[in-house]
Amino acid sequence: MKKYLIILALFGLCTACESPSTANYRRNVRAWVGRTPQELIAQWGQPTQVLNTENGQDLIYMVEKQIQLPGTNGRYATGPLDYVSPLAGTSAYQTTLFCQTTFVVQNDRIVDWLFEGDACKAD
């Protein structure tokens, strides 16, 4: 019995330290279904764009984030020796990640959602 409690405790510690993930973002976004757009705006701020549709509105939030990616040194293992190629390495560079989240509103309630992008992650 003690073994199972220890395993459960370790599992709990691991999940408490989990890094931001798309699954967590999905869970957070899904929790807005059934709530009002006013509640969403109070938490998320004004949407980037509002589209009026035949059945209601789409509230669209767009986030962009710049990140620095490290370069590579051009070092490759070729058996017992390493090979360093000055032409094979790359410099560090910046790239932009984005996340676009859309909440579908009908009859003053959020009824659906969707998101896309490589920055859609949450704790």
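The values are calculated or read from the model by the stated rules, or taken from the named source; none is laboratory data. Since the structure is predicted, the reported quantities are computational estimates derived from the model, not experimental observations. Positions of Cβ are backbone-derived with ideal geometry, glycine not excepted, and every protein chain shown enters the neighbour counts.
Data table
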{"quantity": "Selection within region 99-123 - aliphatic (A, V, I, L, M) and without any contact (Cβ under 8 Å) to a residue 24 or more places away in the chain", "calculated": "L114"}
{"quantity": "Residue in region 60-81 that is modelled with the lowest pLDDT, counting only those that are assigned to a strand (DSSP E or B) and surrounded by fewer than 10 Cβ atoms within 10 Å (Cβ to Cβ)", "calculated": "A77"}
{"quantity": "Positions within region 102-121 being out of contact with any helix residue (DSSP H, G or I) (no Cβ under 8 Å at 6 or more places or on another chain) and within 24 Å of Q66 (Cα to Cα), in sequence order", "calculated": "T102, L114, E116, G117, D118, A119"}
{"quantity": "Criterion (surrounded by fewer than 10 Cβ atoms within 10 Å (Cβ to Cβ) and either modelled with pLDDT of 95 or more or not in a helix (DSSP H, G or I) (or both)) met by exactly one of E54, E18, E39", "calculated": "E54"}
{"quantity": "Single unsatisfied condition, Q94 versus (1) part of a strand (DSSP E or B); (2) at pLDDT 95 or above; (3) exposed (fewer than 11 other Cβ atoms within 10 Å of the Cβ)", "calculated": "(2)"}
